[in-house]
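Following: one structure in structure tokens, then a few remarks.
The values are calculated or read from the model by the stated rules, or taken from the named source; none is laboratory data. Everything quoted here is computed from the prediction, not taken from an experiment. So basically every Cβ, Gly included, is an ideal-geometry build from the backbone, and we count neighbours across all protein chains shown.
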Amino acid sequence: MRIAALLAAPAFALALAACTESKTEAAAPDPAVVKAEVDTAVAVALSARDADDVKLHGDAGPAVYFANLRDGQTVPGTFRVVFGLYGDIGVAPALTDKPKTGHHHLLIDTELSDEEKQFAIPKDEKHQHFGAGQTETVLTLPAGPHTLQLVFGDLNHELHKPAGILSQKITVNVQ
């Protein structure tokens, strides 16, 4: 009997400890703390995006860029493309003979060869001209990846000399 009592005592102590042990439940997160964490994460993400924009446009220009699209972005089958321009240059319709002006051209799934850069930019489905001075368009493309590049042409649809004004080529993924 004595051995049974000795064995029972530790078991009883363990059972008693388990019953009296306080159970700590996880408290629900404080909504104010969660909001502050989300606000901080958003601010960090926006700051990183803005830093990329500054890096992209760090020179004085002139330069062209996509104002509403980013490389690798997924877009619907029909989407808007906004052309950006900065620096000491302005938009004017084709054949406008005014210094430091030109108009946009959009290259879709193509690029200008070295030879093409010496002459007027071709005009077809892959080389779209915006000779009226347009600064945006709506594209409809089939599903899949597509490359886009802006080229700024002079009054005769040729690249500005000496270096030309071309955007970075981007890829959009059409759904």
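Checked against (1) at pLDDT 60 or above; (2) in a helix (DSSP H, G or I); (3) loosely packed, with under 10 Cβ neighbours inside 10 Å, E25 meets all criteria but (2). The number of residues in the range 44-82 being of a type in the set (A, V, I, L, M, F, W, C) and modelled with pLDDT of 75 or more comes to 11. Taking each residue of the range 47-66 that is surrounded by 10 or more Cβ atoms within 10 Å (Cβ to Cβ) and looking for partners that are at pLDDT below 70 with beta-carbon atoms closer than 8 Å, six or more apart or interchain, yields A63/H57; Y65/L56; Y65/H57. Which one of A132, A163 is under 19 Å from G84 (Cβ atoms) and free of Cβ contacts under 8 Å to residues at least 12 places away in the same chain? One residue alone meets the criteria, A163.
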